[in-house]
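Working notes, beginning with the structure itself.
The values are calculated or read from the model by the stated rules, or taken from the named source; none is laboratory data. Since this is a predicted model, take the numbers as computed values, not measurements. Cβ placement follows ideal geometry from the backbone for every residue including glycine, while neighbour counts extend to all protein chains displayed.
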Amino acid sequence: MIDQRTSQPNAAVVGLGKIGLTLAAVFANNGYNVFGADINEDVVTAVNQGKSPIKNEPKLDQLVLQAHQNQTLSATSLTADAVAKSEIIIVIVPVFVDIQNNIDYQWMDQAVEAIAKGIKQGSLVIFETTLSPGDTRNRFGRKIEEVSRLKLGEDFHLAYSPERVYSNQIIQDLANYPKVVGGLDEKSLELASTFYKKAIGCELIEVSSLETAEFSKVAECVYRDVNIALANEFAKFAETKGISISEVITASNSQPYSHIHAPGIGVGGHCIPIYPYFFIHKGLDRGLTPIARRMNDGMAAYAIGKVEDRIGTLKDKNVLILGLSYRGNVKEATKSTTLLLMEQLQEKKANVFVNDPHFAESEVQKYGADSLSLQGSFVSEVDIVILQAFHEEYSTIDFENFRNCKLVLDGRNKLNKEEITRLGIKYEGIGE
């Protein structure tokens with residue numbers, strides 16, 4: 001019998017995080033032998049056992065197991081080895097911003113160095129990590145060229161196709177969202193498009209350059225950041241007029257050209273609070289982009305100010321924050337507004353507690369807060385509740401157990417205001 005795997009092309013996926021592993025598993029179930037590379041040995045071990053180290057991503061467990069059983073997915077911590085076995089290399093290694101919001105390329109630089117040591121002539125390298133316009137060509141393409149001594153555009157090909165997916169629905173989004181693809185040249189674009197048509201089968205949007213594709217992803221995130229900042233500005237103004245911003249937005253958005261986002265206590269995650277700096281640090285340091293960042297990061301202080309206006313001093317008050325995650329129904333604390341709230345509250349000498357059903361008590365404590373169970377007796381000692389991330393579990397909170405609670409600040413405008421006020425607890429929303 002002929003082993004079908006021998007006739008399948010080989011692809012390397014560098015970076016097996018939530019998105020990278022999902023991509024690897026999808027590719028491995030769509031006609032490719034995939035060699036995953038990650039510096040985390042625990043991730044490598046799990047993948048090689050047919051197990052997904054990523055939880056709460058629907059259908060990922062099944063795809064990883066199926067690819068393992070078909071022997072089309074394996075993993076290694078030696079990036080150069082995975083690259084050397086492959087004709088196509090997909091790079092999905094994170095690029096962050098540091099505490100001063102400067103772009104941190106450390107992990108990507110290390111990965112690109114390893115890719116350059118393993119790349120062979122004729123290979124196609126596709127970057128999917130969100131990058132500043134120009135980085136794929138000028139920083140990483142040139143680095144591969146320098147280390148490998150292969151000629152960019154002649155000996156190896158280069159493309160960029162940003163990931164555009166949402167946690168907890170990545171596989172669904174890969175199938176439904178158009179894939180934006182840009183290439184170094186016509187040959188790179190052709191190779192990348194051919195790959196994605198087979199590996200994902202989604203609609204493609206071919207753009208004229210690497211930089212256009214890079215710009216498009218950052219622009220998506222900046223748009224959302226600016227829109228949320230505008231919603232927050234509207235919310236603050238609505239409060240001064242005694243108007244419900246939620247009611248306003250519902251009415252406004254009935255006009256098909258109005259798409260006002262929801263206001264909130266802040267913006268978190270891997271994307272919206274980070275990627276605007278990819279423009280800001282490349283020259284777009286004035287105008288709406290930096291203003292939106294300041295507005296949204298300032299919402300935590302604004303929220304604490306609202307609490308002080310209603311309660312007075314926060315010194316020695318027991319404050320419970322609902323949600324360590326940056327948004328509801330995910331387990332991810334990157335740039336979570338809860339971290340900003342904790343900082344503000346600790347400065348004011350409050351006793352800070354955090355509840356999040358997605359995190360273990362020890363995980364919450366690593367972020368510098370005491371974990372508090374909603375089933376524990378201490379909830380009766382809580383003075384203030386702040387909803388930061390609306391997990392579905394919070395829709396059934398029994399506030400009768402919060403016998404000492406004086407105020408609930410609903411940072412997402414999701415809780416039952418009537419039920420809370422019926423119990424004699426003050427309710428505050430954002431723009432409500």
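Points worth noting:
- Counted residues, the stretch 315-357 - those being of a type outside the set (Val, Ile, Thr) and touching a Leu at 6+ places or on another chain (Cβ under 8 Å): 12
- When residues of the stretch 382-432 are limited to those that are touching an Asp or Glu at 6+ places or on another chain (Cβ under 7 Å) and more than 30 Å from Gly269 (Cβ to Cβ), the one surrounded by the fewest Cβ atoms within 10 Å (Cβ to Cβ): Asn404
To keep it simple, each residue is scored yes or no on (1) surrounded by fewer than 24 Cβ atoms within 10 Å (Cβ to Cβ); (2) outside any loop (DSSP other than H, G, I, E, B); (3) of a type in the set (Asp, Glu).
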residue: Ala80; (1), (2), (3): yes, yes, no
residue: Val83; (1), (2), (3): no, yes, no
residue: Val93; (1), (2), (3): no, no, no
residue: Gln100; (1), (2), (3): yes, no, no
residue: Trp107; (1), (2), (3): yes, yes, no
residue: Val125; (1), (2), (3): no, yes, no
residue: Thr130; (1), (2), (3): yes, no, no
residue: Phe140; (1), (2), (3): no, yes, no
residue: Glu154; (1), (2), (3): yes, no, yes
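- For the stretch 207-224, the criterion of being modelled with pLDDT under 95 and more than 30 Å from Ile291 (Cα to Cα) is met by none of the residues.
- All positions within the stretch 320-343 that are polar (S, T, N, Q) and surrounded by fewer than 18 Cβ atoms within 10 Å (Cβ to Cβ): Asn329, Thr334
- Tally, over the stretch 162-209, of residues that are under 16 Å from Phe127 (Cα atoms) and of a type in the set (Asp, Glu): 4
- Qualifying position, being farther than 26 Å from Thr338 by Cβ and in a helix (DSSP H, G or I), among Ala219, Ala235: Ala219
- Output for the stretch 30-42, where each listed residue is surrounded by 22 or more Cβ atoms within 10 Å (Cβ to Cβ), in contact with a Pro (Cβ under 9 Å, 6 or more places away or on another chain) and not in a loop (DSSP other than H, G, I, E, B): Asn33
- On the stretch given as the stretch 51-78, residues that are surrounded by fewer than 15 Cβ atoms within 10 Å (Cβ to Cβ) and touching a Gly at 6+ places or on another chain (Cβ under 7 Å) total 1.
- Matching residues in the stretch 239-288 - criterion: being in a loop (DSSP other than H, G, I, E, B), hydroxyl-bearing (Ser, Thr, Tyr) and either under 26 Å from Met342 (Cα atoms) or in the same structural domain as Ser132 (by TED's automatic domain parsing) (or both): Tyr275
- Subset tally (residues that are within 14 Å of Ala116 (Cα to Cα) and touching a residue at least 12 places away in the same chain (Cβ under 8 Å)) for the stretch 146-164: 9
- Of the helices (runs of 4 or more DSSP H) lying entirely inside the stretch 326-423, those containing at least 2 residues that are within 30 Å of Ile243 (Cβ to Cβ) are 337-347, 417-422.
- Within the stretch 156-177, if we keep just the residues that are aliphatic (A, V, I, L, M) and outside any loop (DSSP other than H, G, I, E, B), the residue that is nearest to Glu332 (Cα to Cα) turns out to be Ile170.
- Residue match in the stretch 51-61 (condition: modelled with pLDDT of 95 or more, part of a helix (DSSP H, G or I) and outside the structural domain of Pro290 (by TED's automatic domain parsing)): yes
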